[in-house]
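K.L.:
My questions will all concern the structure given below.
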Amino acid sequence: MKTTEAIERFHTYIATERRMAAGTVRNYIDDLEDFDAWLRSQDIEVLDDVTAREVRGWQMEHMERGEKAGTVKRRLSSLSSFFRYLRRHGLFEADIMAKVSAPKQPKRLPVFFKEKETEHLYDEGLFPDTFMGQRDKLMLRMLYETGMRRSELAGLKTASVDFSSLTIKVLGKRNKERLIPIENELAHNIKEYLALKEQEKGPSEWLFVGARGRQITPQDVYLTVKKYMTALSDADRISPHVFRHSFATHILNEGGNIEAIKELLGHADLATTEVYTHVTREHLKEVYKHAHPRGKVKS
């Protein structure tokens with residue numbers, strides 16, 4: 001069978017039987033057609049002539065073009081799905097992709113706001129003295145002081161806050177609940193906001209509501225963070241998740257316990273949390289570099 005014919009069959013399979021999104025289908029087929037074009041440049045048109053060596057050659061060409069590791073990895077993933085389909089349908093025997101290693105992606109350290117940037121959240125006059133302004137103020141402060149995800153913040157109910165124990169019950173991933181402690185000042189801010197919400201929007205089971213009194217969405221949280229933090233921070237990326245990174249990083253910088261941070265963030269695996277120790281090491285290097293007399297000496 002010619003490779004082009006096999007790609008056409010795979011195209012029909014993922015578009016009609018699997019009913020994948022049009023964009024996903026296009027990405028798969030673009031990668032496979034690119035692979036097919038490379039094979040033909042090597043005078044290979046028949047599927048049975050394809051081996052792991054050809055896949056590695058195609059991979060190397062893309063890497064030599066300067067493509068990012070993530071892009072090359074995605075292309076190889078398309079090929080893996082393609083050859084897995086062929087084996088399942090008896091169109092190809094060898095598991096050639098098992099002999100191909102994807103390029104390693106460099107670990108990206110989490111982006112976080114500097115402490116001096118988050119301090120501006122407590123400046124007088126930053127937020128308008130309106131319901132929406134006071135709501136935005138509480139949203140941003142809660143993101144920073146609790147480290148919760150934007151979906152978790154949007155899903156908070158008034159009953160989620162326990163003022164007697166100074167905790168907030170959060171429903172995280174896989175419907176796993178966790179309790180996050182809060183300070184007296186934040187609890188006071190929440191009470192003030194709830195009184196204002198009752199006065200302006202009437203009763204609602206949702207903690208955060210929009211102009212029409214309806215529950216906010218995660219996108220509302222994102223837009224609110226962008227609105228304020230773009231002007232306050234020079235971080236490479238501005239999003240609610242950067243507050244989550246900041247929460248963990250700042251606690252760790254102050255000597256916080258990594259196990260406790262794991263529980264506060266709702267991570268299932270400690271390895272996920274340990275990335276913040278790398279951030280802290282980089283932070284300490286920068287402090288040394290700029291503050292210690294010998295740190296300024298160039299080697």
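K.L.:
Can you name the condition, by its number, that Gly70 falls short on among (1) surrounded by fewer than 17 Cβ atoms within 10 Å (Cβ to Cβ); (2) under 21 Å from Ala94 (Cα atoms)?
P.N.:
(2)
K.L.:
Can you name the residue in segment 226-250 that is of a type in the set (Val, Ile, Thr) and either at pLDDT below 95 or buried (at least 20 other Cβ atoms within 10 Å of the Cβ) (or both) and, of all such residues, is farthest from the chain's Cα centre (by Cα)?
P.N.:
Thr249
K.L.:
Can you find a residue that is of a type in the set (Asp, Glu), part of a loop (DSSP other than H, G, I, E, B) and within 33 Å of the chain's Cα centre (by Cα) anywhere in segment 54-66?
P.N.:
No, segment 54-66 contains no residue that is of a type in the set (Asp, Glu), part of a loop (DSSP other than H, G, I, E, B) and within 33 Å of the chain's Cα centre (by Cα).
K.L.:
Next question. Restricting to segment 186-225, count the residues that are in contact with a helix residue (DSSP H, G or I) (Cβ under 9 Å, 6 or more places away or on another chain) and either closer than 14 Å to Lys137 by Cα or crowded, with 16+ Cβ neighbours inside 10 Å (or both).
P.N.:
Here the count works out to 22.
K.L.:
Can you work out which of the residues in segment 252-298 that are β-branched (Val, Ile, Thr) and more than 21 Å from the chain's Cα centre (by Cα) is modelled with the lowest pLDDT?
P.N.:
Out of the qualifying residues, it is Val297.
Conditions (1) buried (at least 17 other Cβ atoms within 10 Å of the Cβ); (2) more than 17 Å from Val221 (Cα to Cα); (3) small (Gly, Ala, Ser); (4) not assigned by TED's automatic domain parsing to the domain that holds Leu252, marked per residue:
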position: Lys137; (1), (2), (3), (4): yes, no, no, no
position: Met142; (1), (2), (3), (4): yes, no, no, no
position: Gly147; (1), (2), (3), (4): yes, no, yes, no
position: Lys169; (1), (2), (3), (4): no, yes, no, no
position: Lys176; (1), (2), (3), (4): no, yes, no, no
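K.L.:
Can you tell me how many residues in segment 209-255 are outside any helix (DSSP H, G or I) and polar (S, T, N, Q)?
P.N.:
4
Results for (1) touching a helix residue (DSSP H, G or I) at 6+ places or on another chain (Cβ under 9 Å); (2) modelled with pLDDT under 95, shown as yes or no for each residue.
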residue	(1), (2)
Phe10	yes, no
Ala21	no, yes
Ile29	yes, no
Gly66	no, yes
Gly70	no, yes
Lys99	yes, yes
Ala102	yes, yes
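K.L.:
Is segment 24-44 home to any residue that is in contact (Cβ under 8 Å) with a residue 40 or more places away in the chain, in the same structural domain as Leu76 (by TED's automatic domain parsing) and not in a helix (DSSP H, G or I)?
P.N.:
Yes, some residue in segment 24-44 is in contact (Cβ under 8 Å) with a residue 40 or more places away in the chain, in the same structural domain as Leu76 (by TED's automatic domain parsing) and not in a helix (DSSP H, G or I).
K.L.:
Related question: Please go through segment 251-267 and give me each residue that is surrounded by 13 or more Cβ atoms within 10 Å (Cβ to Cβ) and among the small types (Gly, Ala, Ser), ordered by number.
P.N.:
Gly256, Gly266 - these are the residues of segment 251-267 that are surrounded by 13 or more Cβ atoms within 10 Å (Cβ to Cβ) and among the small types (Gly, Ala, Ser).
K.L.:
Any residue in segment 9-20 that is outside any helix (DSSP H, G or I) sitting within a Cβ distance under 9 Å of a residue that is hydroxyl-bearing (Ser, Thr, Tyr) and at pLDDT 95 or above? List the pairs, counting only those 6 or more apart or interchain.
P.N.:
If the second residue must be hydroxyl-bearing (Ser, Thr, Tyr) and at pLDDT 95 or above, the pairs left are Met20/Tyr28.
The values are calculated or read from the model by the stated rules, or taken from the named source; none is laboratory data. Computed from a prediction, not measured in an experiment: that's the story for all the values here. Glycine also receives a Cβ, built like all others from the backbone with ideal geometry; neighbour counts cover every protein chain displayed.
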